[in-house]
1. Determine which single condition Phe106 fails, assuming it passes every other condition in (1) in a loop (DSSP other than H, G, I, E, B); (2) touching a strand residue (DSSP E or B) at 6+ places or on another chain (Cβ under 6 Å); (3) open to solvent by 20 Å² or more (accessible area, probe 1.4 Å); (4) not acidic (Asp, Glu).
2. Restricted to the stretch 40-91, and to residues that are among the hydroxyl-bearing types (Ser, Thr, Tyr), farther than 25 Å from Val160 by Cα and not in a helix (DSSP H, G or I), which residue is most open to solvent (accessible area, probe 1.4 Å)?
3. If a residue must be acidic (Asp, Glu), crowded, with 17+ Cβ neighbours inside 10 Å and either without any contact (Cβ under 8 Å) to a residue 40 or more places away in the chain or in a loop (DSSP other than H, G, I, E, B) (or both), how many such residues does the stretch 153-202 contain?
4. Determine, yes or no, whether Pro62 is away from the ligand (no atom under 15 Å from the Cβ) and out of contact with any helix residue (DSSP H, G or I) (no Cβ under 8 Å at 6 or more places or on another chain).
5. Kindly evaluate Leu27 against the criterion of being more than 17 Å from Ala78 (Cα to Cα), in a helix (DSSP H, G or I), among the aliphatic types (A, V, I, L, M) and in contact (Cβ under 8 Å) with a residue 24 or more places away in the chain.
Amino acid sequence: MTRIAILISGFGSNLEAILNAIEEGKLPGVEAALVVSNRREAYGIQRAVKHGVPVVYFPLAPYTKAGRSRREYDADLAAIIRALDVTWIVQAGWMHVFSSAFLDHFPSRVVNLHPALPGTFPGTHGIERAYEAYQKGEIEHTGVIVHLVPDEGVDVGPVVVQEVVEIHPEDSLDDLKTRIHAVEHRLFVQALYELLCKPGLG
Ligand code: GRF
């Protein structure tokens, strides 16, 4: 089995899509070993519990308060995950940029979801910023990517899969969010299939 850790900070709808796909046999050979949340109130924690997946709540704040560095946080989290024989890291709405102190433990094996096309709207509120850019006539469409995380760059790295998402003139922001999330849930599972389940890979 390929054991993955899924990292979340919030609602966890992409986590849910991945756990459902595993349970439905759509990601053969993949096992969700662990969910990590850096936010206590993340609704995704409840989703993980419902699916019977162990959860680790691992916030940065105690490190900061103790004068310890982000690199120490990253190294400690990597050690926790490695102890569980996890080989792939899946960032599903994970709001923390890892340093090499984490990434070096999982070279080319950290995958991230970004609700925009390559090189566009990195960081938070990517959907809102795309919506505003469309209203100003700066873009005609947006998209979703799943990419590998090679370094500390935000929402950049080798693209595994990408898909254009249309924006229509009559769209509300909520309409666009709904359309993007539907694509995310499908595309993330597709990306994990391509990375982890295709013969000869993973
Ligand atoms: C997604 O839109 C993802 O692209 C972004 O954060 C959101 C997470 O949603 N990075 P959820 O927690 O999976 O529902």
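The values are calculated or read from the model by the stated rules, or taken from the named source; none is laboratory data. All of these numbers come straight from a predicted model, not from anything done at the bench. FYI the Cβ positions are ideal-geometry reconstructions off the backbone, even for glycines, and counts take in every protein chain you see. Please note that ligands, DNA and RNA were not included when accessible areas were found on the heavy atoms of the full protein model with its side chains. Shrake-Rupley method; radii C 1.70, N 1.55, O 1.52, S 1.80 Å.
1. Going through (1) in a loop (DSSP other than H, G, I, E, B); (2) touching a strand residue (DSSP E or B) at 6+ places or on another chain (Cβ under 6 Å); (3) open to solvent by 20 Å² or more (accessible area, probe 1.4 Å); (4) not acidic (Asp, Glu) one by one, Phe106 breaks only (3).
2. Tyr43
3. Summing the residues that are acidic (Asp, Glu), crowded, with 17+ Cβ neighbours inside 10 Å and either without any contact (Cβ under 8 Å) to a residue 40 or more places away in the chain or in a loop (DSSP other than H, G, I, E, B) (or both) in the stretch 153-202 gives 1.
4. yes
5. Values: more than 17 Å from Ala78 (Cα to Cα): yes; in a helix (DSSP H, G or I): no; among the aliphatic types (A, V, I, L, M): yes; in contact (Cβ under 8 Å) with a residue 24 or more places away in the chain: yes.
No: the conditions fail for Leu27.
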